[in-house]
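Shown next, in structure tokens, is the structure this report addresses.
Every number in this text was worked out from the coordinates using simple rules, so none of it is lab data. What you are looking at is a predicted structure, and each value in this text was computed from that prediction instead of being measured. Cβ coordinates were reconstructed from backbone atoms using ideal geometry, including for glycine residues, and neighbour counts include every protein chain displayed.
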Amino acid sequence: QVQLVESGGGLVQSGGSLRLSCAASGGNFNSRTMAWYRQAPGKERDLIATISVGGANTYYADSVKGRFTISRDNPKKTVYLQMNSLKPEDTAVYYCNYYSGIISWGQGTQVTVSS
């Protein structure tokens, strides 16, 4: 059974940085495009970044482009999200998952950005 465990969230001031991690156990992480999603209070869960199997191709939502960087370490079965220049509107629960064929969601990691 595949399990995804997100970590690295916290409370940060506007303009600050955080690095999120998502560790996968089981499954076929090394052959799947991975993605980060986020869900703000009262809103739907949105796709914000993806990374291809080898890491060469990435996608970012306009809302995070230029501030967030997605990366992955296949031997460690871990995907990362480096978040810089954080804004209060980045406050949300952040999740990782496959880009396609989404599996059960992990618990996510809370990111709170204060103004």
Legend entry - Inter-label distance, nm, simple model (7 Å from Cα along the C-beta direction), Asp62/Gln3: 4.0 nm
Legend entry - Relative contact order for the chain, counting Cα pairs under 8 Å that sit 6 or more residues apart, in percent: 36 percent
Inset, instruction - Can you tell me how much longer the chain between Ser14 and Asn74 gets when fully stretched, taken as 0.36 nm per residue apart minus their C-alpha distance, in nm with one decimal? - result: 18.5 nm
Inset, instruction - Run through every distinct alpha carbon pair of the chain and return the Kirkwood hydrodynamic radius in angstroms, one decimal place. - result: 14.0 Å
Inset, instruction - Would you work out the charge dipole size for the chain about its Cα centre, treating the Cβ of every Lys and Arg as +1 and the Cβ of every Asp and Glu as -1, and quote it to the nearest 20 debye? - result: 200 debye
